[in-house]
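Some notes on the structure that comes next.
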Amino acid sequence: MSFRENPHFQEAEEHMLEPVIRLPLVDALRRLSSKQDTHCGFFESQYFHCLEAFGQKLGRKYCDLERRDFNECITNYKQKKRAEWIRLQYKLHWDTKKHGPLPEGAKLGECFPDYFSHNPPDAIQ
């Protein structure tokens with residue numbers, strides 16, 4: 001039986017996400033790349049639960065949705081594309097004069113009373 005036909009060899013290939021050498025420095029640096037304490041922590045945990053269930057090879061195929069959600073949460077590329085599209089549409093409307101009259105803003109030197117000036121502090125219970 002050759003080395004590649006050994007069933008333990010295939011099992012070792014599936015655990016390639018773990019570092020080769022376990023040192024305290026490696027564990028400390030892994031904490032820096034973790035997103036568990038951010039708003040993306042949910043997506044990270046879903047992705048790694050899926051990878052744990054399917055393994056590395058099948059996880060590439062079956063955990064693609066979780067990976068894309070996690071990457072989108074980190075990079076915000078959909079939000080950036082959406083903001084860019086809105087900005088282009090706004091510019092297009094102004095270039096083709098599809099807008100109404102310019103908004104009437106405050107005149108120079110004109111000021112309005114503060115909203116909270118109508119609510120004295122002793123009136124708040």
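The values are calculated or read from the model by the stated rules, or taken from the named source; none is laboratory data. What you see is a predicted model; the values in this text were computed from it and never measured. Positions of Cβ are generated from backbone atoms using ideal geometry, with glycine treated the same way; all protein chains shown enter the neighbour counts.
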Original post:
Within the bounds of segment 95-118, is there any residue that is outside any loop (DSSP other than H, G, I, E, B), at pLDDT 75 or above and out of contact with any helix residue (DSSP H, G or I) (no Cβ under 6 Å at 6 or more places or on another chain)?
Top reply: yes
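Hey, can you tell me all the residues within segment 39-65 that are assigned to a helix (DSSP H, G or I) and under 12 Å from the mean Cα position of the chain (by Cα)? Reasoning before the result, please.
First, pick out the residues of segment 39-65 that are assigned to a helix (DSSP H, G or I): 41-62, 64-65.
Once the filter is applied, which keeps residues that are assigned to a helix (DSSP H, G or I) and under 12 Å from the mean Cα position of the chain (by Cα), segment 39-65 yields GLY41, PHE42, PHE43, GLU44.
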**OP:** Within segment 56-75, track down each residue that is without any contact (Cβ under 8 Å) to a residue 12 or more places away in the chain, over 13 Å from GLN46 (Cβ atoms) and surrounded by 13 or more Cβ atoms within 10 Å (Cβ to Cβ).
**Re:** LEU58
